[in-house]
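The values are calculated or read from the model by the stated rules, or taken from the named source; none is laboratory data. Please read all numbers here as calculations on a predicted model, not as lab measurements. Please note: Cβ atoms are built from the backbone with ideal geometry, for glycine as well, and neighbour counts cover all protein chains shown. Quick note on the areas: whole protein, heavy atoms, side chains included, nothing else; ligands and nucleic acids left out. Shrake-Rupley method; radii C 1.70, N 1.55, O 1.52, S 1.80 Å.
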Amino acid sequence: MTLGSDTRTPPLGSPAAGQRQTITQTIRVRLREPARMRNLELGLLVPAAAIAIGAVLLVQLGALGTTDSGMLTLVSLPPIFALVIHIALRIVARDADPFLVPIAVVLNGLGIAEIYRIDIAQKTLGWDGAGVRQIVWTLIAMAIAFAVLLVVRSHRVLQRYSYIAMAAGIVLLLLPMLPGIGQVTSGARLSIGFGPFSFQPGELAKIALAIFFAGYLVSNREPLSLMGRRVLGLRLPRARNLGPILVVWAAAMVVLVFQRDLGTSLLYFGLFLVMIYVATGKASWIVLGLVLFVGGALLASRVLGYVEGRFHAWLDAFDPSIYNATGGSYQLLQGMFGMANGGLIGSGLGQGRPQTVPLASSDYIVPSLGEELGLVGLFAILGLYLLFVSRGFRVGYSGADDFGKLLAVGLSFVVALQVFIVVGGVTRVIPLTGLTTPFLAAGGSSLTANWIIVALLLRISDTVRPPARGVAR
Amino acid sequence: MSRQLRRVSIVVVLMFIALFTSTTIIQAVQSDSLRTDGRNVRTLYASYSAQRGPILVDGQPIAQSVPSDDQYKYVRQYTNPDGMYAPITGYFTLNQGDTGIEEAMNRELTGTADENFLDRVTAIVTGQNPKGDAVELTIDPKIQQAAWDALGGQSGAVVVLDPKTGAVLAMVSKPSYDPNLLASHDTNQVIANYKQLLADPGDPLVNRAIAGDLYNPGSVFKVLMTSALIDSGRFTPDSQEPNPSALVLPGTSTAIHNSEGGDCGGGETVSLADAFRLSCNIPFAQFGRDLGNATIAKYAKAFGFGQKIDIPLPVTPSVYPITSDVDRLMLSSFGQGDDHVTPLQIAMVTAAVANGGKLMKPNLVKSVLTPDLKQRQSFSPEEFSSPISEQTASTVTQLMINNVNNGAASNARIRGVDVAGKTGTAENGEGDPYTLWFTGFAPANDPQAVIAVVVENGGGHGQSAVGNQIAAPIARNVLEAVLSE
């Protein structure tokens, strides 16, 4: 074990010296040293767990008028799992960001409470209920995140698998189009089914693609930064470097046209644009990308009825003919009515009528929460997302290596963009598209993907703050 | 990378600012208009979840909201499934529209009237569900029951007013219906029940007392005519008209007759007093021709004809024709032709006579009470008009007493009490059954109650029964119930 004054930036690709230690040594050292980050995390986990369990308790008091200890026991499992992750972090990533897990626990817990609340209204309780399934999925997702933390001991390993990640991402994206296992839900081809199980592989694809983009861009940023001819005052990239953006654009268009999913298409393309801009610093990529995407989307809206319908429902939501049309603005308006009835402080958990809106516990979980927790509650939720994203960006600012920085920015931006697309869709900022709200919405694939993002951000953030007290790793 | 990252951070912050803004617009800025949008079913549900106030008669609920185990929390329940109060209360449906007091006093019953503003604020602060106010009616349950029983199986209506205050003491319309059929939360069942009631040939949903098809008044209109004739100062009870047994209306080949056939009590001429007592048509046709259409119309309007009246249930305005045709004027002068009235209008005419010429505005709501039954609002008697002088009223009262004691309204007599009254037997068309009437008040010297009774379809006797046979006994039974109190 060597002492180094500059352990902040170990040379790229060479594992830090500490990693060669035996595990027992590591544990001994780490337990001896105060872990400020972890203590803060533990301090935040207590109120986070209280909010997650308290929300379910309030739902029971509000909607049932009594308490149900069975359900309360179940919802205390995710905070316990979080505690396990916390203990593991003390050993494997002591300096990881302390805010990520508590935020995820609160958002996930609020989601469970609201889904359970809608179960009560729809009288689908126990194992038939989406709430219990959401808890089970949360536990599975947290277990997978735990496994990712243990297996991926350094995020730099991921860079080696960039192209495998690309292949995995494309396969995952295209999976729902395979006959036999592909399923169509509300017009979109997003999920695959095996018997009673269904899964949206696109959620996982966004992680695979973020890893690929980060790896690819870090290796190719020099040629991509070179600019070619000037057109209309804008310096365009060289034609020979246009390949990647065209490939990703084509993939986004395939998703848009064949899977009929504007939201996912926008999500992947937005992720790519931001990552290429951060890597190269050339705004022309964004301009070029936006022109391509908007052009493609406009063309698609002319050709594809459903995209056009979404635009009408967005612009003329209050028009009675659009309100009453199939695929019209009924759902959008009902969600907004719910939020309006919630007002500033909400009806209180378990005391509104969120079940009035179709898909109240998945696509419309945010209006459901807005109705029962009010504007105050939505501000808190949006604030938590913003904090979550800012923790990821913090890695981008002060990370140890470019791959990690780019990956952290990509992963946190994808969460921000997804929140914007979903919440913006249900509040009429943009046309409505069918994406899940990270951590909140009912659905196992989304939970799994977002908990993996938590694990990866934890792992990358561990490199940001090496111990400064002379004890190297 | 930091420069790019800063810019991306700004973009992310802008995206979230957009979301903070959009949620604020929906939940704070536009929340009122979104809440009141007709398509917002939550507002509808909420209006059912607040316990709607009861409708009370003499302190007892005739309509109230009782807990239900569905999402609406409360269901409306009507205590008289026979429909005795249905024309008054109306019904309260989930979303198919309301009628009666349920509609007219909806804001008070739901607690959303302006007077309840402070209570609503308190309810929000204390977290309690706001409750609606109770509406206490002027109806006297004993008189209502007597009128309901007296009308028996007839189609028709009975209205009883307190002439001194305008309070509606009883209002019965038959056939009636069970409002509980329309208050269920099973909308499909409610629609099916409604269609069935609508298709019923007896028209049970119609409140014949104030809002049915208007009736020809027949001879009860002579109360108004006599009042106008005497009050004009140009006629007295002794004024005479020729007394033929048939009169061909000028400009037509139609001959009119007195109801008994023949002349009116014998003699070359007949007095207004005798014409009234014997209820003769030919003299009244001549008196009306002499008084003139414009004068009669002025009096009719003062008695309430052609005016929009809410008690607070909307009353269909009654019609007295404006005409330049003498034959139409003469027909309308004895309650035929183009006279069309509600029973309430007839009761109002009689009430003005009973109350010394002063007509009080008819009113069905006594007071609005808070959920803990403190008085929030009370309705004091209001003068509607003074169509005739006290002197005229007194004279017409004498004529009406005479009509009961010595004339055509003999079946309204009550032992030991002077009853003032007038019968009517209105013709409706060739071969159609008569509409049978009685209006009057008792005691004649200190009127406690004014009544108007209408019986459709000739009381089941086609053209062979008259008002004195069918309508007068009904009125007598009701007036006896009033006097026994």
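Which count do you get for residues in segment B:4-29 that are facing another protein chain (nearest Cβ under 7 Å) and more than 18 Å from A:Ile430 (Cα to Cα)?
5
Taking A:Leu266 as the residue in question, decide whether it is open to solvent by 30 Å² or more (accessible area, probe 1.4 Å) and in contact (Cβ under 8 Å) with a residue 60 or more places away in the chain.
Criteria met by A:Leu266.
Can you tell me how many residues in segment B:388-413 are in contact with a Gly (Cβ under 7 Å, 6 or more places away or on another chain) and not polar (S, T, N, Q)?
7
On the given criteria, is A:Gly470 away from chain B (no Cβ under 14 Å) and either over 19 Å from A:Val148 (Cα atoms) or modelled with pLDDT under 90 (or both)?
Taking the combined requirement at face value, the residue satisfies it.
Given the structure, is B:Pro283 touching a residue at least 40 places away in the same chain (Cβ under 8 Å), more than 31 Å from the chain's Cα centre (by Cα) and part of a helix (DSSP H, G or I)?
When the stated conditions are applied, B:Pro283 passes them.
Looking at segment A:302-336 only, could you name the residues that are free of Cβ contacts under 8 Å to residues at least 12 places away in the same chain and either of a type in the set (Lys, Arg) or touching a Lys or Arg at 6+ places or on another chain (Cβ under 8 Å) (or both)?
A:Arg302, A:Glu308, A:Tyr323
Tell me yes or no: at least one residue of segment B:140-156 is acidic (Asp, Glu) and touching a Pro at 6+ places or on another chain (Cβ under 9 Å).
no
Do you know which of the residues in segment A:436-456 that are in contact with a Ser or Thr (Cβ under 7 Å, 6 or more places away or on another chain) and among the polar types (S, T, N, Q) is farthest from A:Gly424 (Cα to Cα)?
A:Ser446
Regarding segment B:174-187, can at least one residue be identified that is open to solvent by 40 Å² or more (accessible area, probe 1.4 Å), of a type in the set (Ser, Thr, Tyr) and under 30 Å from B:Val160 (Cα atoms)?
no
Among the residues in segment A:401-408, are any within 13 Å of chain B (Cβ to nearest Cβ) and part of a loop (DSSP other than H, G, I, E, B)?
yes
Pairs, please: C-beta under 7 Å, at least 6 apart or cross-chain, first residue within 14 Å of another protein chain (Cβ to nearest Cβ) and part of a helix (DSSP H, G or I) and in segment A:426-449, second buried (at least 24 other Cβ atoms within 10 Å of the Cβ) and of a type in the set (Phe, Trp, Tyr)?
A:Val426/A:Tyr364
Looking at segment A:75-119 only, could you name the residues that are under 20 Å from A:Gly350 (Cβ atoms), of a type in the set (A, V, I, L, M) and open to solvent by 10 Å² or more (accessible area, probe 1.4 Å)?
If the condition is that a residue be under 20 Å from A:Gly350 (Cβ atoms), of a type in the set (A, V, I, L, M) and open to solvent by 10 Å² or more (accessible area, probe 1.4 Å), then A:Val106, A:Leu110 are the ones that fit.
Quick one: B:Phe276 ticks every box in (1) open to solvent by 50 Å² or more (accessible area, probe 1.4 Å); (2) not in a loop (DSSP other than H, G, I, E, B) except a single one, so which number is it?
Unmet condition: (1).
Taking A:Ile112 as the residue in question, decide whether it is farther than 28 Å from A:Lys405 by Cα and modelled with pLDDT of 90 or more.
In short, yes.
Can you tell me which residues in segment A:392-401 are open to solvent by 30 Å² or more (accessible area, probe 1.4 Å) and modelled with pLDDT under 90?
A:Tyr397, A:Ser398
Quick check: is even one residue across segment B:328-339 of a type in the set (A, V, I, L, M, F, W, C), open to solvent by less than 30 Å² (accessible area, probe 1.4 Å) and either over 22 Å from B:Asp238 (Cα atoms) or part of a loop (DSSP other than H, G, I, E, B) (or both)?
Yes.
Based on what the data block shows, is A:Val389 open to solvent by less than 10 Å² (accessible area, probe 1.4 Å), under 15 Å from A:Lys206 (Cβ atoms) and not charged (D, E, K, R)?
So A:Val389 fits the description; yes.
Filter segment A:323-355 down to residues that are touching a Phe, Trp or Tyr at 6+ places or on another chain (Cβ under 9 Å) and more than 23 Å from A:Leu373 (Cβ to Cβ) and give me whichever is farthest from the other protein chains (Cβ to nearest Cβ).
Ranking the candidates gives A:Gly327 first.
Kindly list, by first and then second residue, each pair from a residue in segment B:406-419 that is over 20 Å from B:Ser279 (Cα atoms) to a residue that is modelled with pLDDT of 90 or more and in a loop (DSSP other than H, G, I, E, B), limited to pairs with Cβ atoms under 7 Å and residues at least 6 apart or on different chains.
B:Val417/B:Pro443
Per-residue answers, yes or no, for (1) surrounded by fewer than 22 Cβ atoms within 10 Å (Cβ to Cβ); (2) modelled with pLDDT of 85 or more:
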position: B:Thr21; (1), (2): yes, yes
position: B:Gln27; (1), (2): no, yes
position: B:Arg35; (1), (2): yes, no
position: B:Tyr48; (1), (2): no, no
position: B:Arg52; (1), (2): no, yes
position: B:Ile62; (1), (2): no, yes
position: B:Ile88; (1), (2): no, yes
position: B:Gly97; (1), (2): yes, no
position: B:Ile101; (1), (2): no, yes
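Looking at segment A:358-380 only, could you name the residues that are within 11 Å of another protein chain (Cβ to nearest Cβ), aliphatic (A, V, I, L, M) and open to solvent by 10 Å² or more (accessible area, probe 1.4 Å)?
Hits for segment A:358-380 are A:Leu373, A:Leu375, A:Val376.
Any idea which of (1) open to solvent by 40 Å² or more (accessible area, probe 1.4 Å); (2) of a type in the set (D, E, K, R); (3) part of a helix (DSSP H, G or I) is the one B:Asp213 doesn't satisfy?
Status for B:Asp213: all satisfied but (3).
Does segment A:271-290 contain at least one residue that is at pLDDT below 80, in contact with a helix residue (DSSP H, G or I) (Cβ under 9 Å, 6 or more places away or on another chain) and not in a loop (DSSP other than H, G, I, E, B)?
Scanning segment A:271-290, I find no residue that is at pLDDT below 80, in contact with a helix residue (DSSP H, G or I) (Cβ under 9 Å, 6 or more places away or on another chain) and not in a loop (DSSP other than H, G, I, E, B), so the answer is no.
What's the total number of residues in segment B:324-361 that are touching a strand residue (DSSP E or B) at 6+ places or on another chain (Cβ under 9 Å) and free of Cβ contacts under 8 Å to residues at least 12 places away in the same chain?
The qualifying residues number 0.
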